[in-house]
Amino acid sequence: MQFLVLGSYSNEALGGFVASPEDDRRAAVSGMMEKMGAKMHSMQFLRGEYDFAIMGEADSFDDVAAVKMLVAASGAMKELKIMEVVDINGIAGKANAITGAYRKPGS
């Protein structure tokens, strides 16, 4: 499965960047994901609501959730969201196959 992670660092983690501006977070995240059997395709640092975006691939959502749990438990994240990439046309095809099977409440 392919996934997108959006995250915001905690104030403590931002302080770590100030103390060690040469810290290579891409290498750290990539190495952690490889240990889980996942692959990081890219990690971009952002200006705005989120501090970074990661695109990657894993065998299951649980693998990515385990990485999230470890990182969140460290206190380094203020917010961390995982979104799974989906096939919108495949989903639409499944919805089309059950057209007529749903009725709105009250109708």
Notebook entry, point to check: From largest to smallest, what semi-axes in whole angstrom does the chain give when each is the square root of 5 times an eigenvalue of its alpha carbon gyration tensor?
Noted result: 35, 17, 12
Item checked: 16 Å reach of a label modelled at ALA19, 7 Å along Cα-to-Cβ, counting backbone N of the stretch 57-84 -> 74-77
Next item on the list: May I ask you to list the GluC sites (Glu not before Pro) in the stretch 13-107 that are in a DSSP loop and have at most 12 other Cβ atoms within 10 Å of their Cβ?
Entry: GLU22, GLU49
Next item on the list: In a Gaussian network model over the chain where Cα atoms closer than 10 Å are linked, find which of GLY31, GLY93, GLY48 has the largest mean-square fluctuation.
Entry: GLY93
Checklist line | Loop-resident sites, the stretch 13-107, for trypsin sites (Lys or Arg not before Pro), counting at most 13 other Cβ within 10 Å (DSSP) | finding: ARG47, ARG103
Margin query: Can you give the FRET efficiency to the nearest 0.05 for ASP59 and SER10, using r as the Cβ-Cβ distance and R₀ = 35 Å?
Written below: 0.75
Next item on the list: Work out how much length ILE88 to SER74 would gain on full extension: take 0.36 nm times their residue separation and subtract the Cα-Cα distance, in nm to one decimal.
Entry: 1.6 nm
Notebook entry, point to check: Okay, helix-only estimate at 222 nm for the chain: each DSSP H run of n ≥ 4 adds -39500 (n - 2.57), divide by all residues, round to 500 deg cm²/dmol; what do you get?
Noted result: -12000 deg cm²/dmol
Notebook entry, point to check: If you put +1 on each Lys and Arg Cβ and -1 on each Asp and Glu Cβ, how big is the dipole of the chain around its Cα centre, in Debye rounded to 20?
Noted result: 540 debye
Check: So what is the relative contact order of the chain, in percent, for Cα pairs below 8 Å that sit 6 or more residues apart?
Finding: 41 percent
Checklist line | Nearest-20 debye value, the stretch 35-82 charge dipole, Cβ charges on Lys, Arg, Asp, Glu | finding: 160 debye
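Read the figures in this text as sums done on the coordinates, not as results from a lab. None of these values were measured; they are calculated from a predicted model. FYI the Cβ positions are ideal-geometry reconstructions off the backbone, even for glycines, and counts take in every protein chain you see.
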